[in-house]
1. Given a Förster radius of 25 Å and the C-beta distance between residue 163 and residue 106 as r, what FRET efficiency does 1/(1 + (r/R0)^6) yield to the nearest 0.05?
2. What is the order of 100, 55, 46, fewest Cβ neighbours within 10 Å to most?
3. Rounded to the nearest 500, what is the chain's calculated 222 nm mean residue ellipticity when only DSSP H runs of at least 4 contribute -39500 (n - 2.57) each, over all residues?
4. Using Cα centres only, tell me the gap between the range 141-178 and the range 1-41 in whole Å.
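Here, each number is a calculation from the coordinates, and none is a lab measurement. Remember, it's a predicted structure, so these values are computed and weren't measured experimentally. As a convention, Cβ positions derive from the backbone with ideal geometry for all residues, glycine included, and neighbour counts pool all protein chains shown.
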Ligand code: GLN
């Protein structure tokens, strides 16, 4: 049985849990989606989602709860991990605008700028083009980080806002600037979880 864990220390956790459950249902897969707070819960895990929220807080709490190193190790070993917004920041190898104590999983070969969108456009919705679907997806951007550079050929763009890359995939990893869990549309979760099963 599939076990999906949403890192549940801060941020929009319940929205991701609901979206992942709905996606599993739509894929016709039986599985559970758990609120992941402790390293013990990583036992038997099939995929991990890191939600949006505040990356400085998520980072601190992942360290305090002993999750940062085990999750990094699982990611290195090929466990599927999807990070949205603050979750993308957690996955990234290089982060512009990080605080000095902020720790990252540093798995995804991208450079992101944490608060790049600036004040007046710090939250907006816009149609995003997905690599795996013909219909546009409503991208919800909330004080989003910006992917400013892809650092290797391993990273493939999977989502665009105009001609800018706003979502990437690298082997087992997906990182998105926007929040797919804040829409009723589960195409992104289905794409991610479709790779797990
Ligand atoms: N700007 C936030 C951060 O740095 C991310 C915002 C979000 O996840 N909605 O953590």
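1. Rounded to the nearest 0.05, the efficiency is 0.35.
2. 100, 46, 55
3. -7000 deg cm²/dmol
4. 22 Å
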